[in-house]
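Participant: Dumping the structure here so I can ask a few things about it.
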Amino acid sequence: MRPRKYGDAGQAFPIYITVVGGLLFLAFAYFAVGQAAANRNDAQTAADAAALAAAQEHRDQLAGAWAQSLLDPAEWQTIFEGEAEGLDPSCWRADQLAARNDATVLTCGLDGLLGYTVEVETNDTVGDSIVPGTETKKSKETATAVIEPRCTFELLGEGAGDDALPLLTCEGEKWELDPKGPEELLPQPEDLFDVHLAD
């Protein structure tokens with residue numbers, strides 16, 4: 001009886017197909033995971049930007065309130081702690097920055113007196129993949145940005161002149177404030193407050 005040629009090759013072919021099929025499945029699975037991770041990263045970027053924007057707008061309003069109270073140093077500490085009259089909501093800035101990052105703000109609000117927490121959802125879905133449901137799945141992420149006062153001062157005693165203002169020290173930089181000086185020489189919002197994402 002003559003031996004069959006290519007017997008081993010014939011037996012190996014189904015194994016080869018199975019292995020290749022398995023590798024393709026793994027490749028598509030990794031691709032799906034990558035799509036989801038990229039979508040989550042986009043959501044986190046949008047949330048970070050939105051929270052920072054809202055906090056910076058709030059910081060600018062606090063700095064404006066401080067400038068208006070320049071001649072009343074007794075009010076300074078309250079403003080540095082985040083309390084001031086006439087402050088407007090800052091979530092409109094969060095909406096703007098989320099939109100620029102192709103996302104939508106779901107919730108936005110003050111976190112204490114000196115912070116904003118924002119939750120966003122991506123406008124884009126994860127997309128089609130071998131994982132069921134990803135074609136409609138959107139990513140949601142949350143971020144909190146905090147405002148920290150950078151300045152210290154000591155109120156002057158009764159013997160000081162009526163126009164005398166306390167020496168303001170902001171991260172080692174000293175500001176000798178002149179109430180009659182030009183406004184552009186006053187500390188700017190970024191001199192008075194630091195804004196950063198919460199740890």
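Participant: Could you grab the pairs with beta carbons closer than 9 Å, sequence gap of 6+ or different chains, first residue in the stretch 60-78 and under 13 Å from Cys151 (Cα atoms) and in contact (Cβ under 8 Å) with a residue 60 or more places away in the chain, second one of a type in the set (Ser, Thr, Tyr) and part of a helix (DSSP H, G or I)?
Facilitator: If the second residue must be of a type in the set (Ser, Thr, Tyr) and part of a helix (DSSP H, G or I), no pairs are left.
Participant: Got a sec? Which of Gly127, Gly112 is part of a loop (DSSP other than H, G, I, E, B) and modelled with pLDDT of 90 or more?
Facilitator: Gly112
Participant: Kindly indicate which of Asp60, Asp72 is of a type in the set (D, E, K, R), loosely packed, with under 14 Cβ neighbours inside 10 Å, more than 27 Å from Lys137 (Cα to Cα) and at pLDDT 60 or above.
Facilitator: Going through Asp60, Asp72 in turn, just one is of a type in the set (D, E, K, R), loosely packed, with under 14 Cβ neighbours inside 10 Å, more than 27 Å from Lys137 (Cα to Cα) and at pLDDT 60 or above: Asp72.
Participant: Please enumerate the residues belonging to the stretch 102-116 that are more than 24 Å from Glu148 (Cα to Cα), surrounded by fewer than 18 Cβ atoms within 10 Å (Cβ to Cβ) and in contact (Cβ under 8 Å) with a residue 24 or more places away in the chain.
Facilitator: Result: Asp102, Leu106.
The values are calculated or read from the model by the stated rules, or taken from the named source; none is laboratory data. Note that the structure is a prediction, hence the values are computed from the model and not measured. Heads up, the Cβs are rebuilt from the backbone with ideal geometry, glycines too, and the neighbour counts pull from every protein chain shown.
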